[in-house]
Amino acid sequence: MKNIILVGNPNCGKSTFFNSFTGAKEHIGNWHGVTTLCKERKVERNGKVYSVVDTPGIYSLSAFSFEEEESIKYLNSHKRDKIINICDRDNIQKNLYLSLCLIEEGFDVSLLINCTKKKAKRVIDATKLSNELGIKVCLVNASRKNETKNLEESFFEKKGFVIPKYFDENFKNKSEIDKAKIRYEYIDALLEKTSKKVRESGEKIDRILLNKFLALPIFFVLMLGIFYLTFFTLGNRLSNLLNGFFELFSHPVLDFLAKNVGKGFLFNLFETAIFGGVSTILSFLPQVVLLFFFLNIFEESGYLSRVAFLFDDLLSKIGLSGKSVYTILMSFGCSTSAIMTSKISDSENAKTKAAIVCPYQSCSAKIPIYMVLGTAFFGRANVFVIFLMYLLGLVVSLVVCGFLDKHFLKNTEQTFVIEFPEYRLVSFKKTLYFLYKNTKEFLEKIASILICVNVVLFVLSSFSFSFQYVGVASDKSILNTIASLIAPIFLPLGFGKSGAVSVLLGGFVAKEVIVSLIALFNGVSSGLSSEISNSVLNPSNPIYFGSIASAVSFLSFAVLYVPCLSSVLMLRSEVGKKWTIIAVLMQFFVAYIVSLFLYNGIFAVEIFGFWKVIIFVFAIAVVFSCVFVILKKFAKKQKGCVSCNGDCGGDCDKNF
């Protein structure tokens, strides 16, 4: 069996070639860190078996991040294997730098130039380039299976070591800067002989999307538009259709149970815990799929790499880099999988911070909570509430990250290099597979975790400690008794009732169950979000919110409080037991403080009015500022000056 190692810069087409050549379906993206670990797959060609390894992207043989270190370590431990160095035709000038580094180190290299784009910026003569470099060179569209599978056998054969034309004894003794200069000079001369520029690259649209005044407003407007389409117009209609389709299957089963076993424990189990829970989550499936769809458009079109660049300056102030944008955006889908991507950070401290802040984001599991509570109190204006909840999670996570960077996880300056791919049309096939994969994972979670948790919590909320059936959400139930002991802690937050606390306890296992538990406790079996929304406004129901203040407080707490169980387990594997415990406790504390502030602030506005509260807060701020200035002056006078023994009254420049 022959080993083939795929090596290249980020965004050169390595994973595309890997998928085409081996038949794999690994995730492909156009920024640094999509491939974070070496991936291996065996493939048979012409009776020969090849072990093909896709390595994370690198720019040279010096590591600046975890995934680059992973690649270089793998290369150094497999020096005798065949290297397929993949370069992008339109970035060949930059990509060839790695090719020269590989050749210098004695690796057995063949050069595959990826020609995915139809309109080339440069025409390359593969034969001339092969003669100049002394290695096999091939032009291939990495996305086409027929081209990758028809590569000549000689392309994968070992040729032996090649000595670059500029390489001599003096080259070894030169500094790294001088070596880099020699390599780039050689590349320029090489391309002058072997290629011809066709057109200059120029992204006119970047002048608008990356404009220092328009970039952030455009990004937020795009996100707001996505939320409106996802959670209201299109998403709402699809939800109603899917819910009606599910009822065609659930009603006959429930009618059969009602006729044969009566409307007792077994009927309630199926109606509320199983069918009700699944129906509730399925009604939000279109919103989840649409959100994944729009995020995929961001990724495939090339806009996501611009977003990473856009936020790099902000993130660098708290010890992260633009690479962390991908981790944060992944959190909008699932915090568990996002935590795994934190390893693309440049250092251990940066990785720990990126992993810790993932659960603060609004993952797809929290979407139903926004829809139910937001619709109940804000109606169609809920789109702004949802946007603010996403923004709240983002802002709080940045504040937490800044706090950790300053006091516990100080990070050195990070390197951030990112490719700006050309804007391109989204591949329909790739998008369908992306949606299929994520929808499948979402449904598998429903089929396993959600139903199991719903059944367990239904039993706990229906039986007493003496294991007598007391009815759904009874005051004497096991769950209600436990929740009643904890509930007083949440009284200052405006939702200190056992029902609300019970659903939060269930939400620790999986955030998806919070809404299904609200429906279960309030006796809503249809799964329609509108009926669940109406149920939280009914004072006779176990889960009831009597004001906007208490609803917003619960909403913000549900967004920010402890991660789900799978995220906790992933945190433990990535950052260790110590930081996992700290992260969970800190997240609960942060959620409590934020909810306390929001509840009391909104409650005060409801009672006294907006402007009275603003004037009061402003007056308090002025008073505290004056007291602070007076105390500072007094402290200076007490301290005195070394130069004048205190005669300056505290105004001397030398006074501390």
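The values are calculated or read from the model by the stated rules, or taken from the named source; none is laboratory data. Keep in mind the model is a prediction, meaning the values are calculated, not measured. Note that each Cβ is placed from the backbone with ideal geometry, even for glycine, and that neighbours are counted across all protein chains shown. These accessible areas exclude ligands, DNA and RNA; they are computed on the full protein's heavy atoms, side chains included. Shrake-Rupley method; radii C 1.70, N 1.55, O 1.52, S 1.80 Å.
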(1) over 23 Å from LEU269 (Cα atoms); (2) open to solvent by less than 40 Å² (accessible area, probe 1.4 Å) all hold for SER535 apart from (1)
If we keep only residues of region 602-649 that are modelled with pLDDT of 65 or more and among the basic types (Lys, Arg), then the residue nearest to the chain's Cα centre (by Cα) is LYS612
If you go through TYR50, TYR59, the only one that is at pLDDT 80 or above, aromatic (Phe, Trp, Tyr) and open to solvent by 10 Å² or more (accessible area, probe 1.4 Å) is TYR59
The number of residues in region 167-187 that are surrounded by 15 or more Cβ atoms within 10 Å (Cβ to Cβ) and outside any helix (DSSP H, G or I) is 1
By residue number, the members of region 349-396 that are under 25 Å from PHE545 (Cα atoms), in contact with a Phe, Trp or Tyr (Cβ under 7 Å, 6 or more places away or on another chain) and β-branched (Val, Ile, Thr) are ILE367, VAL383, VAL385, ILE386, VAL396
Taking region 466-510 and the residues there that are without any contact (Cβ under 8 Å) to a residue 24 or more places away in the chain and of a type in the set (Ser, Thr, Tyr), the one that is surrounded by the most Cβ atoms within 10 Å (Cβ to Cβ) would be SER477
Say whether the condition of being modelled with pLDDT of 85 or more and within 17 Å of the chain's Cα centre (by Cα) is met by at least one residue in region 432-454. no
Within region 118-154, the residues that are more than 18 Å from GLN93 (Cβ to Cβ) and either open to solvent by less than 20 Å² (accessible area, probe 1.4 Å) or modelled with pLDDT of 85 or more (or both) are THR127, ASN131, GLY134, LYS136, CYS138, VAL140, ASN141, ALA142, THR148, LEU151
Going through (1) of a type in the set (Asp, Glu); (2) modelled with pLDDT under 75; (3) part of a helix (DSSP H, G or I) one by one, GLU300 fails only at (2)
- Considering every residue within region 532-541, establish whether at least one is in a loop (DSSP other than H, G, I, E, B), more than 30 Å from PHE608 (Cα to Cα) and not basic (Lys, Arg). no
